[in-house]
Every structure is written in C-alpha cells, then in structure tokens.
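Here the structure comes first, spelled out in structure tokens, and everything after it is commentary.
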Amino acid sequence: MELTPMYIVSQLLVIIYYLIYSWTFHLKDSNKILIFGIIATIISSISYLLLNAYTGMAMCFVAIIRNLLFTKSKKSVFNLVLIFILILFASIFTFNNYFSLFNIIATLLYTYALWQKNTKTYKLLGIIVNGLMIVYDIYIGSIFGVVLISIAFVNSIVGFVKENKKTD
C-alpha cells in the first residue's frame, strides 16, 4: 500500500463513511437508518473505487438500490429476494477470491437486517456484519477502514446492549 493521493482521499472518505454508519446504530427509526445508509454508502463506494476494491464497490451499488427500494416501498419478501439476486449477480462479475466473500456475506446479512422491522435484529446482525467487514478491510489494505469498522463494531455492540436494556 502506497500513500498516493488516491489512497489518502480514500481514507478520508472512509472516515466520513464510518462517522455516518456508526451513528445508525443509535437510531430507532428504520427509515432514518436507511436514508443515512444511502448517504454513507455513496461515500463508501467512492472509497472502494479508489482502493480498486470492486466487490466492495459493487456491493455498495446494490446497497444503494436496496436502501432506496426499502425506503420507497414496503419491505416485502419479493424486494428481499430481488436484492439477494442483485447481490448474486454483482458478485459473479466482481468476485476476486475468498476474501470477496466476506463483503458479499456482510451485504447479504445487512440486507436481511434492514429488511427486518425490529431494530434489535438490525443491531445484532450489525455485530456480525462489522466483524466480516474488519476482515475485508484488512484484505483491501484500508487502514482507516480497519480502525473505524472496529469502532463501528463496538458501537453496534453498545447499540444492541442499550436496546436490550430498555426492553428488560
């Protein structure tokens, strides 16, 4: 990994992305989670492009479509299956090696988490998704990605614990 201007910009975008993404684990409204997710994902896709992480970039495009679809219409089983098909289709063209699977599985799980109306499920699956993304960011060489997804990992745990304490 060279400290080129593109790499530095990618890391700045990663910082912005994770600030927005981490905040979603403290929101209670699923539509707000989706809207902030769209903004964060656009930023993330540009970062992946700059890092030549094409599976990550493709999953971001699917995530943007997913979030738009989930905010504009009912979260139906049809919509969930449609997004899973888009993930599969995008994966076929961008699959690089088994490390790509970490991003693909994370996108599948996060899609399912967003499809749920229960924010507890979102926060629980967020823990797993963040763990998978730590591995993917290590693979693509995103230093700030690793550091910040680790913080998001902690935020997802804290958000999950806080949510469970309120209902006890």
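Here, each number is a calculation from the coordinates, and none is a lab measurement. Bear in mind that the values here come from a model prediction, so they are computed numbers and not experimental data. Positions of Cβ are backbone-derived with ideal geometry, glycine not excepted, and every protein chain shown enters the neighbour counts.
Taking the Cβ of Val81 as the centre, find all other residues whose Cβ is under 15 Å away and add up their charges (Lys, Arg: +1; Asp, Glu: -1). Intermediate results must be reported in sequence, preceding the final value.
Details: positive: Arg66, Lys74, Lys75; negative: none.
The answer is +3.
Rounded, prolate or oblate for the stretch 53-168? Axes are the square roots of the Cα gyration tensor eigenvalues, ordered a ≥ b ≥ c, and the cut-off for rounded is a/c under 1.5.
Details: a/c = 2.44, a/b = 1.11, b/c = 2.21.
Oblate, since a/c reaches 1.5 and b/c is not below a/b.
Alpha carbons only, please: Rg and Dmax for the stretch 78-122, in angstrom.
11.6, 34
When the dipole is taken about the Cα centre of the chain, and only Lys, Arg (+1) and Asp, Glu (-1) are charged at their Cβ, what size is it in debye, to the nearest 20? Mind dumping the intermediate values first?
On the way: 12 positive and 5 negative charges, 159 e Å.
Computed charge dipole of the chain: roughly 760 debye.
On the principal axes of its Cα set, how long, how wide and how thick is the stretch 1-111? Give whole Å, largest value first.
Principal-axis extents of the stretch 1-111 (Cα, largest first): 44, 32, 18 Å.
Which of the listed residues, Phe160, Val147, Leu108, is farthest toward the dipole's positive end in the chain, when Lys, Arg count +1 and Asp, Glu count -1 at the beta-carbon?
Phe160
Applying 1/(1 + (r/R0)^6) with R0 = 30 Å to the Cβ-Cβ distance of Ile16 and Val81, what FRET efficiency is obtained, to the nearest 0.05?
The calculated FRET efficiency here is 0.40.
Can you list the residues, at least 5 places off or on another chain, whose amide H is less than 5 Å from the amide H of Phe95, using H built in the peptide plane?
Answer set, sorted by chain and number: none.
How far is it, in nm, from the label point at Leu88 to the one at Ile39 when both lie 7 Å from their Cα along the line to the Cβ?
According to this spin-label approximation, the distance is 3.5 nm.
Would you list the membrane-span-like helices of the chain, meaning whole DSSP H runs whose alpha-carbon atoms span at least 24 Å along their axis and whose mean Kyte-Doolittle value is at least 1.6?
Once both thresholds are applied, what remains is 30-50, 77-94.
Students often check this: by mean Cβ neighbours within 10 Å, which of 56-67, 98-109 ranks highest, and how do the rest follow? If you can, show how the numbers build up before the last one.
On the way: 56-67: 22.7, 98-109: 19.3.
Per-residue mean Cβ counts within 10 Å order the peptides as 56-67, 98-109.
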